Amino acid sequence: MSTLLEAPAVTASRGSASLHAWVARMRALLLPERVVWCDGSEAQRELLLAEMVDSGTLLPLSEELRPGSFLARSDPDDVARLESRTFICSAREADAGPNNIWREPSLMRAELDERFAGVMRGRTLYVLPFSMGPVGGPLSRVGVQLTDSPYVAVSTAVMTRVSAEVVDLIEAGADWVPAVHSVGMPLVDERGRRIADVPWPCNETKIIAHFPETREIWSYGSGYGGNAILAKKCFALRIASAIGRDEGWLAEHMLLTRITSPEGRSFHVAAAFPSACGKTNFAMMQPSLPGWRVEMLGDDITWLSRGPDGRLWGMNPEAGLFGVAPGTGHSTNPVAMRTIAQRTIFTNVALTPDGDVWWEGIGTPAPEGLIDWRGEPWDPARGAPAAHPNARFTVALEECPSLAEDWDAPRGVPIDAIVLGGRRSDTVPLVTEARDWQHGVFLGATMSSQRTAAAEGTVGEVRFDPFAMQPFCGYDLADHWTEWLRLGERLGARAPRIFRVNWFRRDADGRFLWPGFGENVRVVDWMLRRLGGEVPASESVLGLVPERRDLDLEGRPLPAEDIEARRGVDPDAWWRETQVIEHHLDGYGLRLPAALTEELLRLRCGLWEHIR
Ligand code: GTP
Ligand code: SPV
Ligand code: MN
């Protein structure tokens, strides 16, 4: 077996010569036909797009209706993240935690060694030097992704800052994360015969492997989203969370936004919602109340650290959006609709006869002659959606009309409030404010949410997704909660307030109880008045909840759930909830911070009082 992957782990600083040596070593392993260094330029983007149109990977959309935009249709078996094929290969199993699937590093290396040997035969290897955060910024980190997918190369140039300057930084000695990706379908077989390519090459077997100690990523067999654009979930969350644990900062699955009230006061909010649970929508909110303004800073990932002023600061390391298409419409998210008016790559949406895109929830009826995400004429009678539920758009942040002017500020922005939210059709009320930081960490650690189409699994099934990081924390989540508790100690009185929300409660007929989207500003309005100390809150067993008169519901019927929330909710349902919470926390064994056990006890005592 080759020793290419077994070479002693390249650690911390890989130095200047190492980048070129590594690419040469990888070239000898992967055996591509040619190597292309990417620089993030417009000229290169044009070239790659044209090549993909020629090869059938991309379909150009109408220049008139959707200028500069394209449609990609993935293999029907490669449509979302695969948590069951995502591995954390830490040296010690215990460091991966019960939240991850652990693989012994040398065994994983042996498997990767075999899979990657000659895997790029007949293909082009793209070298993508990228920065997460502004190039050269004090909080930014760089990496280099190798890929044999031009779709991934173009997507990475949208989602990150791909630039030759990153090579300069590496040559000047910057630490960097190596990331190797292949679709796992060589175009030349062992005997040297050519194999015909397909529009969306991939492999039945998929592996997304992370080595937290050596900060390496290896991904095989998928070309889709977070499986393949390694800078996103693999680097900016899983590897970055491990780096952050070692250095005292946090990489979080959070949107980042600036909200300005009619009086002109601005606040920064970082909010964690699980996949496909409303981050992009919140970040691009068009508030329904007059005078409010929401500026977008980030829609998926925020790196949090204590700033020199002792406050918590947040920075979005990405430069693009990989957003959920279904449900995005003119009435639900008009800002997103304007963002994707041009220069967008759509994946797995439906195609209209005039060369535009369509999906469920776009807000216009499906036109005649629609082609579904698989490329077949769509027959609504068959009951299958025209767009895949995890269909996505890839577009640069700069296309967003509500993007904050200082979106790429090297240190980000100071955070005033942290919002945590899951998708729960029952039990969890509209809004609760944490009593204090420790209670807030408990709310984060016990977040649960219904599964969505963003990953495999049964849609609708409730699972715990602590801090929306269940699929993305590169280490034991119990240690993650400890990090959160420590952060609170360090921030002290300067810590932001923590809130929990749930936009997704439903009534007995399955209708959403809360109008959501732009109406969520009514909840934000209450939060900001709480920060300003302008309104009291009611103590409930779950935490602090709004007085009825303090939620501005002008023109909106008060949802029944809110009345419930003020009273301390359905005690039986919450008693059952504490039982599953206990089981969930117990799963983390001895690493579970005692503070969380204490909070659970407090919740139970409160419920017990309530029942009596
Ligand atoms: P990822 O990119 O997977 O991390 O997802 P996300 O958290 O950014 O989710 P996104 O904002 O794209 O929303 C996912 C789905 O939830 C879309 O279909 C939205 O229409 C829907 N959604 C978002 N906000 C709300 C809301 O306030 N109420 C309701 N009912 N649905 C919402
Ligand atoms: C998510 O699933 O949370 C996403 C999409 O943001 S992906 O990049 O595919 O992970
Ligand atoms: Mn996400």
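The values are calculated or read from the model by the stated rules, or taken from the named source; none is laboratory data. These numbers come from a predicted model, not from an experiment. Positions of Cβ are generated from backbone atoms using ideal geometry, with glycine treated the same way; all protein chains shown enter the neighbour counts. Surface areas here come from the heavy atoms of the whole protein model, side chains and all, with no ligands, DNA or RNA. Shrake-Rupley method; radii C 1.70, N 1.55, O 1.52, S 1.80 Å.
List of remarks:
- When the residues of segment 446-480 are filtered to those that are among the hydroxyl-bearing types (Ser, Thr, Tyr) and more than 14 Å from ligand 2 (Cβ to nearest atom), the one that is most open to solvent (accessible area, probe 1.4 Å) is Thr458.
- Pro401 surrounded by fewer than 22 Cβ atoms within 10 Å (Cβ to Cβ), away from ligand 3 (no atom under 16 Å from the Cβ) and farther than 24 Å from Glu519 by Cα: no
- Pairs meeting the criteria (first residue in segment 66-85 and assigned to a helix (DSSP H, G or I), second residue surrounded by fewer than 18 Cβ atoms within 10 Å (Cβ to Cβ) and of a type in the set (S, T, N, Q), beta carbons under 9 Å, at least 6 apart or on different chains) are Arg85/Thr205.
- Residue under evaluation Arg494, criteria (1) free of Cβ contacts under 8 Å to residues at least 40 places away in the same chain; (2) closer than 25 Å to Arg258 by Cβ, criterion not met: (1)
- Answer residue from segment 385-398, given it is within 14 Å of ligand 2 (Cβ to nearest atom) and outside any strand (DSSP E or B) and is surrounded by the fewest Cβ atoms within 10 Å (Cβ to Cβ) among those: Pro389
- Matching residues, segment 251-284, being open to solvent by 10 Å² or more (accessible area, probe 1.4 Å), more than 16 Å from ligand 3 (Cβ to nearest atom) and either in a loop (DSSP other than H, G, I, E, B) or touching a helix residue (DSSP H, G or I) at 6+ places or on another chain (Cβ under 8 Å) (or both): Pro262, Glu263, Gly264, Arg265, Phe267
- Residue within segment 330-338 that is within 28 Å of Ile243 (Cα to Cα), away from ligand 2 (no atom under 13 Å from the Cβ), in contact (Cβ under 8 Å) with a residue 12 or more places away in the chain and in contact with a Gly (Cβ under 7 Å, 6 or more places away or on another chain) present: no
- Selection count, segment 469-519, where residues are touching a Phe, Trp or Tyr at 6+ places or on another chain (Cβ under 6 Å), within 13 Å of ligand 1 (Cβ to nearest atom) and among the small types (Gly, Ala, Ser): 1
- Residue within segment 301-309 that is free of Cβ contacts under 8 Å to residues at least 40 places away in the same chain and surrounded by fewer than 19 Cβ atoms within 10 Å (Cβ to Cβ) present: yes
- Consider segment 335-383 and keep the residues that are assigned to a helix (DSSP H, G or I) and charged (D, E, K, R). The one that is surrounded by the most Cβ atoms within 10 Å (Cβ to Cβ) is Arg338.
- Residues of segment 319-329 classified as in contact with a Gly (Cβ under 8 Å, 6 or more places away or on another chain) and either modelled with pLDDT under 95 or outside any strand (DSSP E or B) (or both), total: 4
- One residue from Leu430, Leu420, Leu487, Leu443 being open to solvent by less than 10 Å² (accessible area, probe 1.4 Å) and either under 16 Å from the mean Cα position of the chain (by Cα) or outside the structural domain of Ile259 (by TED's automatic domain parsing) (or both): Leu420
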